[in-house]
Amino acid sequence: MIKNFSSIILISLLAAFFLISCSASIVDSTQPLSNEELIGNGDVIELAKEPQATTDNSIINEFLQNHNGVYYAQYEDGSLDVRYIIDGNTIYNGYGTLIDATRVLLENKLQIYIAGKTTSTVSGYDMNDEMYTLNFGEDGNIYLFANAVFKQETYSSQKGYTTTIGEPIEGLKTYSYNYYYYDYDDSKKYYILIDTSGQIYMDDNFGINYSKASLTNGNVLTITYTQSGGTANKQDLYFYDNKLIYGNTYINNELQYEKLVKHDLFSTYNGTYKSADNNTTLTVTTTDAKINTITYGYTPVIIGNTLIIYQYSSRYPTKEHKIVFSNDKTQAVYTKPDGGGTIVLTKQGA
């Protein structure tokens, strides 16, 4: 179903130091900030400061049931990729894996937090926590913010971290730690260091030639800096629950987020559909819809009673496999790409 996607851990905001476990590059939307009411934001929902926020499962489940659908990312080449499936009150990722997360809801903003493993003998990467902000827009789509999570350890100076960000801030003395994550090679890497005087340090490889920092509301650190080459960055970072968590990020004054387009659920047509000669099989589940003749590099999209399975290739143009379901859902007419003809598929057990 997926071209090559795995759940986002640390969103690729700056190629030099952010991670995203998705080989296709995210397309950062560039709608004007006047549309921020539609887009929302990536601010961390702090329950103590947001009396309207809730963790009540019954309320969140009802909210999800009103936003059922399959949500797709669209890449620069026009291809689609399943990012989330919301069916009933359950959320799945693009691989069809149930997302088991702590959930917080504030109006149309759902924040999900997935704790990493506490220990791992195989991969340090598995110990990263993940957090995502899903803003449900009035247009029916999701505006996704990936909130990178950095854990803390006792402050100590590190080789290659001599670049200072702004001046020391008195209020940062409380947050004097090294903030780290695990990279794909399972090595521990640092995002920022804060020493006991409240001075921030970042990786010298970032090539920062101008910077400033400020602390607001006691726990929101905003850092602004310019890299060699002129890229301007602004990042809001939350000290929350003994961690450092990304809020909003701006690159060259553009808010970074991803638009996920909503389409219809697969589960409406759950079942196995076969041709009379049993050579062609369509299998539809809650999290996927596939033809047995396509083994990889495909994405299914359902609109109304029509399923299109897009078959992607780096060598050939995209092929469209079109399936139209009957009103009683007992049959489907499959039109092969490239003038390959049509086949009637019958639902098994109907």
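FYI, it's all coordinate maths here, none of it is from the lab. Since the model is a prediction, treat every value here as computed from it, not as a measurement. Methodologically, a virtual Cβ is constructed for each residue, glycine included, from the backbone with ideal geometry; neighbour enumeration extends over all protein chains shown.
Would you mind listing how long the stretch 264-347 runs along its three principal axes, going by Cα atoms, in whole Å with the largest first?
38, 28, 19
Of all the stretches in the chain, which is the longest one without any exposed loop site, taking GluC sites (Glu not before Pro) in a DSSP loop (any state but H, G, I, E, B) with at most 10 other Cβ atoms within 10 Å?
Between the exposed loop sites, the longest stretch runs 139-350.
So if the hydrodynamic radius of the chain is defined as the Kirkwood radius over C-alpha pairs, what does Stokes-Einstein give as its diffusion coefficient at 10 °C and 1.306 mPa s, in µm² per second?
72 µm²/s
Can you give me the distance in nm between label points at T90 and T342, each placed 7 Å from the Cα along the Cα-to-Cβ direction?
Label at T90, label at T342, 3.4 nm between them.
Tell me the trypsin sites (Lys or Arg not before Pro) within the stretch 262-322 that lie in a loop according to DSSP and have at most 16 other beta-carbon atoms within 10 Å.
Of the trypsin sites (Lys or Arg not before Pro), the ones in loops of the stretch 262-322 whose Cβ has at most 16 other Cβ atoms within 10 Å are R315.
Determine the distance separating the Cα centre of the stretch 97-124 from the Cα centre of the stretch 308-350; give it in Å without decimals.
Between the Cα centres of the stretch 97-124 and the stretch 308-350 lies a distance of 36 Å.
Compute the FRET efficiency between I251 and S79 as 1/(1 + (r/R0)^6), taking r as their Cβ-Cβ distance and R0 = 25 Å, and round to the nearest 0.05.
0.60
Within the stretch 86-127, list the residues whose amide N lies under 16 Å from a label point set 7 Å along Cα→Cβ of I59.
103-112
Mean-square fluctuation check for the chain, GNM, Cα pairs under 10 Å: which of Q52, Q158, Q256 is largest?
Top of the fluctuation ranking is Q52.
Order by neighbour count: S176, S211, S326, fewest other Cβ atoms within 10 Å first, most last.
Ascending Cβ contact count within 10 Å gives the list S326, S176, S211.
Could you give me the percent of Cα pairs per 10 Å distance bin for the stretch 195-265, shortest bin first, beginning at zero and ending with the bin that holds the maximum distance?
16, 43, 27, 9, 4, 0
Under 4 °C and 1.567 mPa s, how fast does the stretch 95-155 diffuse according to Stokes-Einstein, given a Kirkwood radius computed over C-alpha pairs? Answer in µm²/s, whole number.
The Stokes-Einstein estimate is 96 µm²/s.
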